[in-house]
Each structure stands twice: as structure tokens, then as C-alpha cells.
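Okay, so here's the structure we're looking at.
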């Protein structure tokens, strides 16, 4: 007896694209996440975020640490998933921080763009790669993702506008 399985080409193509984005963000980043202390209102002096990928690079776990001048660092763990080019962060102990990164620029050295929170606000972030900070040679990949731009050759193709509800490959 033969077992036959059918897969849509679009599903495979989207998976490859999402895995490429996941591969590119995997690692350790530092910079400005535009975070504020919830108790004092003090802006963070800096932040770092680490993405640990799963077996196919389209999902994983991570941690964000925000540093403040007059307070202890704040550490939040999350799960992440890339669906149709949108990067969803689901925070394990603080669901109020759940967000989606839909409008971003990503290269070997830099990751910047906007984080859309579950509260309806967008926050700009600018990060630099710890993992590739000292790299001075080799190929530099560049990915751009814009919620408004779905036809550009620099944009991961087939992307719909992202929202806080995960749509697509689920």
C-alpha cells in the first residue's frame, strides 16, 4: 500500500520565507527597544534581546532584558513565531507585552523597525547584532518587510497586513 501526501506550493514557499526571516533574527541583539520602567516611567538605558530558534527557524523562544539607570534589569521570556513574514512575540509571564513586528529592516548587523503592541501602540526599535558585531567580511543579507508594501522585490512576498491575531500557517 502506498501513502501519498499533497502539499501546496504556496505553503512550502511561505515556510521557506518564514524560515529565512527566523534564521536572520536568530541570535543576540542589543540597542534601543524604546522601553520604559512600568513603575517609575524611566526610559531604559538599553535593551538586549535573544532569539533561540526551533528546528525549522520559523519559531523558537527568547528573552528580552531592559537596563535602567536607577533600577534592576527587567527580564522577560517569550516565544516567537514568524508567520507570513510577521514576527509574533508571546510573552510567557506578561501577556500585556505580546506584540508583532511587521514593519522592519533586517541585515546581518542591524534589525530595526516598529513593534505593534496588543495595546494598539507602535514603538520604534533599533538593534545591532552581538553575534556579528565584529564581523568585517563576507556576505551581508538584507530583508525589508513593510506592512504597506506587498509587491516590492525587497519584501518577503505574499504578505498580508499583520495584526495581533496570528493568521496563516496555523
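The values are calculated or read from the model by the stated rules, or taken from the named source; none is laboratory data. Predicted, not measured: the structure shown is a model, and the values here were computed from it. Glycine gets a Cβ as well: all are built from the backbone with ideal geometry, and neighbour counts include every protein chain shown.
Quick notes on this one:
- Taken over the range 84-106, the residue count meeting the criterion of being in contact (Cβ under 8 Å) with a residue 60 or more places away in the chain and within 16 Å of residue 31 (Cα to Cα) is 1.
- Selection status of residue 134, at pLDDT below 90 and closer than 22 Å to residue 28 by Cβ: yes
- Residue in the range 68-83 that is under 17 Å from residue 107 (Cα atoms), touching a residue at least 12 places away in the same chain (Cβ under 8 Å), part of a strand (DSSP E or B) and in contact with a helix residue (DSSP H, G or I) (Cβ under 9 Å, 6 or more places away or on another chain) present: yes
- Scanning the range 29-45 for residues that are in a strand (DSSP E or B) and surrounded by fewer than 16 Cβ atoms within 10 Å (Cβ to Cβ) returns 36, 43.
- Hey, residue 14 outside any strand (DSSP E or B), surrounded by 15 or more Cβ atoms within 10 Å (Cβ to Cβ), modelled with pLDDT under 95 and touching a strand residue (DSSP E or B) at 6+ places or on another chain (Cβ under 7 Å) or not: no
- Residue within the range 54-67 that is surrounded by fewer than 14 Cβ atoms within 10 Å (Cβ to Cβ), under 26 Å from residue 20 (Cβ atoms) and out of contact with any helix residue (DSSP H, G or I) (no Cβ under 7 Å at 6 or more places or on another chain) present: yes
- Restricting attention to the range 88-128 and to residues that are assigned to a strand (DSSP E or B) and touching a helix residue (DSSP H, G or I) at 6+ places or on another chain (Cβ under 7 Å), the residue that is surrounded by the most Cβ atoms within 10 Å (Cβ to Cβ) turns out to be 111.
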